[in-house]
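The values are calculated or read from the model by the stated rules, or taken from the named source; none is laboratory data. These numbers were taken from a predicted model, which means no experiment stands behind them. Quick reminder, even Gly has a Cβ in these numbers, built from the backbone with ideal geometry, and neighbours come from all protein chains shown. In case anyone asks, the SASA skips ligands and DNA or RNA and just uses the protein heavy atoms, side chains included. Shrake-Rupley method; radii C 1.70, N 1.55, O 1.52, S 1.80 Å.
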Protein chains: 2
Amino acid sequence: MRPAAFLIAATIPAAAWADPLPSWNDTDAKAAIIEFVEGVTDPRSDSFVPEDDRIAVFDNDGTLWSEQPLYFQVLYAVDVLREKAEADPSILTSDVLTAAAAGDMTGMMAGGADGLVEIINVSHSGITVEDFKADAHAWLTTATHPTRGLAYAAMTYQPMLELLSYLRDEDFTTYIVSGGGIDFIRAISEEAYGIPPWQVVGSEGSTTYEVADGTPTLMKEGGISFVDDKAGKPVGIMRHIGQRPIFAAGNSDGDFQMLEWTTAGDGPRFGMLIHHTDAEREYAYDRAGHIGVLNQGLDEAEARGWVVVSMKDDWTTIFGKAKR
Amino acid sequence: MRPAAFLIAATIPAAAWADPLPSWNDTDAKAAIIEFVEGVTDPRSDSFVPEDDRIAVFDNDGTLWSEQPLYFQVLYAVDVLREKAEADPSILTSDVLTAAAAGDMTGMMAGGADGLVEIINVSHSGITVEDFKADAHAWLTTATHPTRGLAYAAMTYQPMLELLSYLRDEDFTTYIVSGGGIDFIRAISEEAYGIPPWQVVGSEGSTTYEVADGTPTLMKEGGISFVDDKAGKPVGIMRHIGQRPIFAAGNSDGDFQMLEWTTAGDGPRFGMLIHHTDAEREYAYDRAGHIGVLNQGLDEAEARGWVVVSMKDDWTTIFGKAKR
């Protein structure tokens with residue numbers, strides 16, 4: 001290093017030299033993210049946003065980790081159902097439940113969304129919230145994905161982990177806002193994403209407080225009391241966070257209203273859609289499919305100024321190594 | 001000051017000399033609070049609790065501010081109802097609503113809790129969450145209490161503001177967990193208590209996301225979807241915070257389960273009941289009354305190790321001057 005360069009380097013913080021998004025290719029998507037973050041964090045910029053308003057929300061399934069061949073929570077529910085049915089086959093009171101316990105995915109999917117809810121209701125009930133989280137955590141860190149062979153907890157997207165860290169380093173607060181169950185995600189959110197339980201918003205099951213043999217418990221009762229999807233996402237955000245975010249990322253039309261509401265606010269806003277374009281390293285799907293359907297988002301992203309991230313073109317790597 | 005004392009003073013941080021609770025008399029209650037906080041924050045203590053687990057929850061009505069002659073939110077709802085009825089008398093579809101709009105408190109209270117819900121439903125609907133919060137904020141800071149003559153927002157308890165600040169200074173996170181409406185409290189929580197919207201848990205009304213003339217809005221629709229009271233408080237805490245607090249403060253049997261669940265956890269725990277014993281400076285009520293009834297809490301506090309704070313004996317002053 002020449003002396004002059006050394007002197008300059010010594011006066012500039014190390015962070016200014018480090019690439020905050022090393023697993024992102026140098027494409028428009030990365031440039032747009034960095035331009036946005038630099039604008040809202042620069043006190044001299046017209047785009048400056050105070051720290052308390054730097055709220056970023058992220059969908060989970062298909063945005064922060066994979067959602068194929070099925071939402072991980074459904075795969076977990078099927079495993080729990082199978083285990084419960086071995087002990088007590090009488091719980092298999094419908095064709096969908098019988099198919100699920102037998103590993104017949106076609107029969108199981110024939111029940112549609114209602115069938116999936118039925119499976120979750122049977123498998124996620126009669127257990128305290130704390131025991132449920134411990135059990136889900138054990139499954140997420142030991143069971144392996146059917147085709148990738150990775151533990152489910154390892155199927156987070158490295159570029160998105162970097163984005164979460166980058167935003168937090170710039171004094172954003174990062175939230176998960178998922179159609180998945182809030183207790184299921186909280187079982188792993190701190191470990192997988194560095195996101196504590198109180199920054200997780202999700203669908204909610206019915207939970208009851210009771211004192212059993214002198215011990216107060218919160219018991220999961222089955223039944224879904226709030227669906228945090230589509231128009232439910234802005235409702236869930238307002239309920240849990242109490243104000244509108246300035247940054248929202250999703251991957252399916254279930255995230256449309258979250259991006260719509262976020263980016264309709266005054267001042268600088270960022271909407272991002274993760275586009276599953278990488279059949280080789282992950283999966284390729286969008287307009288057609290049984291999960292993560294993305295139609296309206298693709299149709300309207302350009303007009304709305306939302307950034308569409310191509311996993312194939314914009315990311316150097318897919319699966320994460322470690323959070324920081 | 002003698003030179004030796006001066007030298008000692010110079011080496012000890014100023015905070016060690018300052019009384020964190022100057023509006024508390026030097027009674028057992030204050031000593032118990034300070035002993036608890038010093039234990040959980042001392043890394044060398046067996047009672048040490050890491051910062052992420054230092055979660056403290058506070059009821060609002062009757063714990064952080066007054067709740068007489070009626071919950072402030074009900075008084076606000078009556079004012080809004082009267083205003084709406086002047087424009088459109090046809091909204092007064094029941095005896096309770098007619099009584100409320102006419103200022104007939106006896107007729108209004110004859111409807112019991114259902115009547116209060118009816119008033120809140122009519123007055124808190126057909127408005128966006130953001131407009132509602134702005135309107136509630138204006139009322140809380142300009143309308144005055146019927147007998148005390150203070151603005152409602154000024155009827156916070158100075159000793160409790162000091163306690164909130166003390167806990168936050170010691171790296172606790174302070175939450176409100178109220179039977180009152182979450183949007184109503186969020187209208188003033190940052191200003192009155194230094195508590196941001198995402199640290200407010202409360203009862204929830206039905207909110208709908210809709211796009212009106214191209215503008216996405218969250219509209220309050222009337223109807224109550226979640227009651228954050230009694231056994232609902234642990235449920236609300238688990239939903240919003242996702243873990244059990246170590247410190248809980250309330251003033252009525254509506255807070256019993258919150259204290260029960262909080263103090264049943266492992267490790268050091270603190271349960272506090274504010275006892276309204278000061279007829280002169282505030283109000284005196286407990287076992288009998290139309291609001292803030294405290295029976296089970298008084299009966300069981302001693303056996304459960306909960307601290308009962310007498311407003312008359314333990315507090316030098318009642319109403320707050322300013323938050324910090």
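For the stretch A:207-217, name all the residues that are more than 9 Å from chain B (Cβ to nearest Cβ) and in contact with a strand residue (DSSP E or B) (Cβ under 9 Å, 6 or more places away or on another chain). The answer is A:212, and nothing else.
Taking the stretch B:237-291 as the range and being among the β-branched types (Val, Ile, Thr) and more than 14 Å from chain A (Cβ to nearest Cβ) as the test, the residues that pass are B:246, B:274, B:277, B:291.
Of the set (1) touching a helix residue (DSSP H, G or I) at 6+ places or on another chain (Cβ under 9 Å); (2) over 30 Å from residue B:312 (Cα atoms), all apply to residue B:66 but (2). Exactly one residue out of B:83, B:67 is charged (D, E, K, R) and open to solvent by 10 Å² or more (accessible area, probe 1.4 Å): that is B:83.
Across the stretch A:43-64, the number of residues qualifying as surrounded by fewer than 22 Cβ atoms within 10 Å (Cβ to Cβ) and either under 15 Å from residue A:320 (Cβ atoms) or free of Cβ contacts under 8 Å to residues at least 12 places away in the same chain (or both) comes to 7. Going by the structure shown, is residue B:92 among the aliphatic types (A, V, I, L, M), away from chain A (no Cβ under 14 Å), surrounded by fewer than 23 Cβ atoms within 10 Å (Cβ to Cβ) and more than 27 Å from residue B:293 (Cα to Cα)? Spelling it out, residue B:92 is indeed among the aliphatic types (A, V, I, L, M), away from chain A (no Cβ under 14 Å), surrounded by fewer than 23 Cβ atoms within 10 Å (Cβ to Cβ) and more than 27 Å from residue B:293 (Cα to Cα).
Only a single criterion out of (1) closer than 20 Å to residue B:299 by Cα; (2) out of contact with any Lys or Arg (no Cβ under 9 Å at 6 or more places or on another chain); (3) β-branched (Val, Ile, Thr); (4) open to solvent by 10 Å² or more (accessible area, probe 1.4 Å) is not satisfied by residue B:263, namely (2).
So residue B:228 clears everything in (1) in a strand (DSSP E or B); (2) within 19 Å of residue B:186 (Cα to Cα); (3) more than 10 Å from chain A (Cβ to nearest Cβ) except one condition, right? Which one? In the conditions (1) in a strand (DSSP E or B); (2) within 19 Å of residue B:186 (Cα to Cα); (3) more than 10 Å from chain A (Cβ to nearest Cβ), residue B:228 misses (1) alone. For the residues B:205, B:214, the requirement of being in contact with a His (Cβ under 7 Å, 6 or more places away or on another chain) and within 29 Å of residue A:259 (Cβ to Cβ) singles out B:205. Of the listed requirements (1) outside any strand (DSSP E or B); (2) closer than 30 Å to residue A:205 by Cβ, residue B:271 misses just one: (1).
Looking at B:274, B:318, which is the one that is buried (at least 16 other Cβ atoms within 10 Å of the Cβ), in contact with a Ser or Thr (Cβ under 7 Å, 6 or more places away or on another chain), modelled with pLDDT of 95 or more and among the β-branched types (Val, Ile, Thr)?
Values: B:318 fails: in contact with a Ser or Thr (Cβ under 7 Å, 6 or more places away or on another chain).
Result: B:274 is the single residue among B:274, B:318 that is buried (at least 16 other Cβ atoms within 10 Å of the Cβ), in contact with a Ser or Thr (Cβ under 7 Å, 6 or more places away or on another chain), modelled with pLDDT of 95 or more and among the β-branched types (Val, Ile, Thr).
Taken over the stretch A:241-255, residues that are open to solvent by less than 10 Å² (accessible area, probe 1.4 Å) and in a helix (DSSP H, G or I) amount to 2. Of the numbered criteria (1) open to solvent by 30 Å² or more (accessible area, probe 1.4 Å); (2) assigned to a loop (DSSP other than H, G, I, E, B), the one residue B:292 fails is (1). In summary, helices (runs of 4 or more DSSP H) completely within the stretch B:96-199 and bearing 2 or more residues that are more than 14 Å from chain A (Cβ to nearest Cβ) and under 21 Å from residue B:229 (Cα atoms) occur at B:112-123. Just to be sure before I move on: is residue B:299 away from chain A (no Cβ under 14 Å), on the phi < 0 side of the Ramachandran plot, touching a residue at least 24 places away in the same chain (Cβ under 8 Å) and part of a helix (DSSP H, G or I) in the structure I sent? In short, no.
Every test in (1) modelled with pLDDT under 95; (2) under 23 Å from residue A:164 (Cα atoms) is passed by residue A:301 save one, and that test is (1). Is at least one residue of the stretch A:277-292 among the β-branched types (Val, Ile, Thr), in contact with a Phe, Trp or Tyr (Cβ under 8 Å, 6 or more places away or on another chain) and at pLDDT 95 or above? Taking every residue of the stretch A:277-292 in turn, none turns out to be among the β-branched types (Val, Ile, Thr), in contact with a Phe, Trp or Tyr (Cβ under 8 Å, 6 or more places away or on another chain) and at pLDDT 95 or above. A single member of B:210, B:221 is part of a strand (DSSP E or B), touching a residue at least 24 places away in the same chain (Cβ under 8 Å) and acidic (Asp, Glu), and it is B:221.
Can you work out which of the residues in the stretch B:224-237 that are open to solvent by 30 Å² or more (accessible area, probe 1.4 Å) and not acidic (Asp, Glu) is nearest to residue B:121 (Cα to Cα)? Full working, then the answer.
Pass one, the stretch B:224-237, residues open to solvent by 30 Å² or more (accessible area, probe 1.4 Å): B:224-225, B:227, B:229-231.
Next, only the ones that are not acidic (Asp, Glu) stay: B:224-225, B:227, B:230-231.
On the way: B:224: 8, B:225: 11, B:227: 14, B:230: 21, B:231: 23 Å.
Ranking the qualifying residues of the stretch B:224-237, first place goes to B:224.
Residues in the stretch A:106-147 that are exposed (fewer than 15 other Cβ atoms within 10 Å of the Cβ) and farther than 18 Å from residue A:185 by Cβ: 9 in all.
Number of residues in the stretch B:279-298 that are among the charged types (D, E, K, R), within 21 Å of residue B:147 (Cβ to Cβ) and more than 18 Å from the chain's Cα centre (by Cα) equals 2.
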